[in-house]
1. For 32, 82, 214, 125, what ranking results if the residue with the fewest other Cβ atoms within 10 Å of its Cβ goes first?
2. Could you work out how much longer the chain between residue 7 and residue 256 gets when fully extended? Use 0.36 nm per residue separation minus the Cα distance between them, nm to one decimal.
3. Sort by residue number and name the cysteines in the chain that have no neighbouring cysteine Cβ under 4.7 Å.
4. For the residues 75, 41, 199, what sequence is obtained by ranking on other C-beta atoms within 10 Å, fewest first?
5. To make sure I understand, if each residue's beta carbon is the centre and we count other beta carbons within 10 Å, what order do 103, 26, 187 fall in, fewest to most?
6. With an 8 Å Cα cut-off and a minimum separation of 6 or more residues, compute the relative contact order for the stretch 119-258 in percent.
7. Along the charge dipole of the chain, Cβ charges K/R +1 and D/E -1, which of 11, 134, 104 sits furthest on the positive end?
8. Long-range amide H contacts for residue 18: which residues qualify at under 5 Å (H placed 1.01 Å from N, peptide plane, sequence gap of 5 or more or a different chain)?
Amino acid sequence: MSAAIKKLKTAIENAKAVLVGAGSGFSTAAGYTYSGERFQRHFADFIEKYHLRDMYSAGFYPFPTPEEKWAYWSRHIYCNRYDQPESHVHKTLLQLLQDKDYFVLTTNVDHLFQNNGFDKQRLFYTQGDYGLWQCKTPCHQQTYDNEEAVRRMIKEQQDMKIPTALVPHCPICGEEMEMNLRADASFVEDDGWHAAAARYHDFLSKHQTGSILYLELGVGMNTPGIIKFPFWKMTVANPQATYACLNKGEAGSPSEISGQSILIDDDIASVLHELIR
């Protein structure tokens, strides 16, 4: 066990509270990669026809018809949200936090935390949820569970198209539905989103001082204003706080908090395994 991992183990043990900030690198550590073999396995036909490179960029592809668009998206949702094997990475993290006052702030939209035993009341999915749809316009601030519809699309699609009758439409205005993912100002922040945001801010208010660990896992520089920069700012404001960054190839912190930082440039899954030994 390296000195940095030993230091993190001690920081977790001594912290009265732990705020986890999880980015896409954490889902990747759990095996939820958006390219390579996993992408080829689920989307070989789409790759051949549309020359798609990965699941992320494919989400922006201008499919020629709604039937093709929703054939792609139903598979994307299914393999990343509903067809989920157990994640030992998430369960290991939960084991480390089980006796702590913790909260998880995540930009991930795959629901892996909740599906692996994390308390829903301690989670804030800031960027949406693969399991929800919203009106494309949107004409109202409400989201809709999509599991039943997605499973039907998976079952009935042929030649990379779903039946026209399965294309989802808003029950209020009739506009086509859209993913509840934050891409622009049309993102719907529904009642559940606001309730989770309120719980997150209550947690922050409760732990403005004292020994809190800001544990950042797999967060890059795509949206640093959600997790990374606030974690740095809160560490500066609290001399008793510790900032830990686990990120293969991107572990760093500003000089202002170098004395309060634990930086581990290594595989997240391996580090978490070491921590519970």
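What follows draws every value from the coordinates through simple rules; no lab data is involved. Nothing here was measured: the structure is a model prediction, and the numbers come from that model. Counting neighbours? That spans all protein chains shown, and the Cβs are built from the backbone with ideal geometry, glycine included.
1. Working: 32 20, 82 16, 214 28, 125 24.
So the ranking, lowest neighbour count to highest, is 82, 32, 125, 214.
2. Extra length available between residue 7 and residue 256 comes to 87.7 nm.
3. 79, 245
4. 41, 199, 75
5. Least to most surrounded, the residues fall as 187, 103, 26.
6. RCO, the stretch 119-258: 23 percent.
7. 11
8. Here 101, 102, 103, 213 satisfy the definition.
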